[in-house]
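Read-outs: derived from the displayed coordinates by stated rules, not from any lab. Computed from a predicted model, the values in this text were never measured in an experiment. Cβ: placed from backbone, ideal geometry, glycine included. Neighbour counts: every protein chain shown.
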Amino acid sequence: MKIKRRTIQVPQFHLPRIPWKGFLAGCFLVLFFLGILTANWVGTEKMIQYGMLNPYYVGQLAYLELDAGAYFLFLLKRRIRVFGMTALLVYTRFGILALSGVVGWYAFSLGYLFVNALVCMKFQGMVIVLLSVFPQVICYAAAYFGLGKILFGAKTELTMPMGIQKLWKNPNLFLLLSAILCMIAGVWLESYVNPILLKSYISRM
């Protein structure tokens, strides 16, 4: 006599896949609000006493003479160092932690600075913080966006201008080279253009 075995089917739950752009945007928002909460935890008195945005010191920036070439080399070493380590880790299993960590750190710092600026200098401080990251933030965001496409393997066919369909036969190489160029362009904007915008606004305060 044969005994029939019944198979128990366990329902499978499929978690929805979060797009990588949404994942990085979520990391940014979470760490941004965490920076705001940290600034509120520090307290108003300490931020006024030890804050980075003091009206007197900010006013001195209008009379600051900056060597743009030396500043460019200084920033290039600092920015490329972080970007290079992140780009290397993107090709390993630690890429998600590295990329989300960099994005989260920038978001946390920005959230903290916004509260610091609001406490120390009100609306003018908010404008200074926004000007301090513009326009180089556009190039930096584009650079790390390229690393994100490499990391998460977005299968999109890259088209080049002037009718060229592909760069060699390796889209990831095109993304990496574009990200490096975006970083260099961002450093140039931060060292040559951004100080002019900041000084022109501070001199009118």
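Okay, here's what the table says:
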quantity	calculated
Cα-based shape type of segment 107-151, given that a ≥ b ≥ c are square roots of the gyration tensor eigenvalues and the cut on a/c is 1.5	oblate
Projected label distance in nm at Leu177 and Arg93, using a 7 Å step from Cα toward the beta-carbon	3.2
Gain in span if fully extended, Leu73 to Met205, counting 0.36 nm per residue against the direct Cα distance	44.5 nm
